[in-house]
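Have a look at the structure below before the remarks.
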Amino acid sequence: MKKIATLLSVFVLAAVSSYGQSENPGKMNAMIHKTFSIEKDGTEIPYNLKVLEHRNYPMALKGGDKNKINQDREAKPAVVTKLIAVDTDNDQDYEHYMVLKYRRSVTDSFKVVPTKKGFAVKVDDKTMQYFVNKGIYFINNKDQDFFSVEEFREIG
């Protein structure tokens, strides 16, 4: 329970620090749980993923409407922060954590899909791959400016 409280504290701090200067933001939180498997030495080994999502919808007023009674809002992309926890040995503890951040477009689609060596996070045509056995991630050079990743091992 202490690990979960610490984990949630880290996630909230990461989400708040990612976009602290917005005016009256909207927020959304969600969780996805997936189980995938990889082949190791001819055996299918399952692993668990938990993705906690936090979206911060910043609100800003159009510059020309300053000091008017009825002001129009200026559309700003949401700042999305996802905490991805990976449990490779199928017990109660997650061994690896990543905080993935990106700016969401109106039409983007977030998917976590299995690969031969782990899983891939896809947001439209941008991809981040995670290799379960090695515990490392890879982002294509063209997608480096889109994703921001902070990773850490087990808490506690």
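Tally time: how many residues in the stretch 95-133 are outside any strand (DSSP E or B) and not aliphatic (A, V, I, L, M)? Lay out the reasoning, then the answer.
From the stretch 95-133, those outside any strand (DSSP E or B) are 95, 105-109, 115-117, 124-125, 132-133; that's our starting set.
Narrowing the set further to residues that are not aliphatic (A, V, I, L, M) leaves 95, 105, 107-109, 115-117, 124-125, 133.
The total comes to 11.
So, Met98, is that one over 16 Å from Val132 (Cβ atoms), out of contact with any helix residue (DSSP H, G or I) (no Cβ under 9 Å at 6 or more places or on another chain) and modelled with pLDDT of 80 or more or not? Before the answer, list the steps.
Details: over 16 Å from Val132 (Cβ atoms): no; out of contact with any helix residue (DSSP H, G or I) (no Cβ under 9 Å at 6 or more places or on another chain): yes; modelled with pLDDT of 80 or more: yes.
For Met98, the condition - over 16 Å from Val132 (Cβ atoms), out of contact with any helix residue (DSSP H, G or I) (no Cβ under 9 Å at 6 or more places or on another chain) and modelled with pLDDT of 80 or more - is not met.
If Lys101 satisfies all but one of (1) of a type in the set (D, E, K, R); (2) more than 24 Å from Val149 (Cβ to Cβ); (3) crowded, with 18+ Cβ neighbours inside 10 Å, what's the number of the condition it fails?
Single failed check for Lys101: (2).
Give all pairs with beta carbons closer than 9 Å in which a residue from the stretch 94-107 that is closer than 13 Å to Leu52 by Cβ meets a residue that is among the charged types (D, E, K, R) and part of a loop (DSSP other than H, G, I, E, B); count only pairs at least 6 apart in sequence or on separate chains.
Tyr94/Glu154; Tyr97/Glu154
Collect the residues in the stretch 63-86 that are part of a loop (DSSP other than H, G, I, E, B) and farther than 30 Å from Asn29 by Cβ, keeping them in residue-number order. Steps first, please.
Taking the stretch 63-86 and keeping what is part of a loop (DSSP other than H, G, I, E, B), we get 66-72, 75-77.
Listed by number, the residues that qualify are Lys66, Asn67, Lys68, Ile69, Asn70.
What is the one condition in (1) in a strand (DSSP E or B); (2) within 14 Å of the chain's Cα centre (by Cα) that Phe146 does not satisfy?
(1)
More than 24 Å from Phe36 (Cβ to Cβ), at pLDDT below 90 and buried (at least 18 other Cβ atoms within 10 Å of the Cβ) - does that describe any residue in the stretch 79-86? First the steps, then the outcome.
Step one: filter the stretch 79-86 for residues more than 24 Å from Phe36 (Cβ to Cβ), giving 79.
Add one more test, that the residue is at pLDDT below 90, and what stays is 79.
Narrowing the set further to residues that are buried (at least 18 other Cβ atoms within 10 Å of the Cβ) leaves 79.
The answer is yes; a qualifying residue exists.
Which of the residues spanning the stretch 29-51 are surrounded by 12 or more Cβ atoms within 10 Å (Cβ to Cβ), closer than 13 Å to Val132 by Cβ and of a type outside the set (S, T, N, Q)?
Lys34, Phe36, Ile38, Ile45, Pro46, Tyr47, Leu49, listed by residue number.
Going through the stretch 115-133 one residue at a time, which ones are of a type in the set (D, E, K, R) and without any contact (Cβ under 8 Å) to a residue 12 or more places away in the chain? If you could, list the steps in order and put the result at the bottom.
Of the residues in the stretch 115-133, the ones of a type in the set (D, E, K, R) are 116-117, 122, 124-126.
Asp125, the sole residue that qualifies.
Going by the conditions given, is Pro25 at pLDDT 75 or above and not aromatic (Phe, Trp, Tyr)? So that I can check it myself, show each step before the final result.
Working: at pLDDT 75 or above: no; not aromatic (Phe, Trp, Tyr): yes.
Against the criterion (at pLDDT 75 or above and not aromatic (Phe, Trp, Tyr)), Pro25 does not qualify.
Conditions: (1) hydrophobic (A, V, I, L, M, F, W, C); (2) surrounded by fewer than 18 Cβ atoms within 10 Å (Cβ to Cβ); (3) over 27 Å from Lys27 (Cβ atoms); (4) touching a residue at least 40 places away in the same chain (Cβ under 8 Å). Phe146 meets all but one. Number of the miss?
Condition not satisfied by Phe146: (3).
I'd like to know if the stretch 56-74 contains one or more residues that are crowded, with 19+ Cβ neighbours inside 10 Å, at pLDDT below 90 and aromatic (Phe, Trp, Tyr). Lay out the reasoning, then the answer.
Taking the stretch 56-74 first, the residues crowded, with 19+ Cβ neighbours inside 10 Å are 56.
Going one step further and asking which of them are at pLDDT below 90, we end up with 56.
In the following step, the residues that additionally are aromatic (Phe, Trp, Tyr) were identified as none.
So far as the stretch 56-74 goes, no, none of its residues is crowded, with 19+ Cβ neighbours inside 10 Å, at pLDDT below 90 and aromatic (Phe, Trp, Tyr).
The values are calculated or read from the model by the stated rules, or taken from the named source; none is laboratory data. Keep in mind that this is a model prediction, so the values were computed, not measured. Methodologically, a virtual Cβ is constructed for each residue, glycine included, from the backbone with ideal geometry; neighbour enumeration extends over all protein chains shown.
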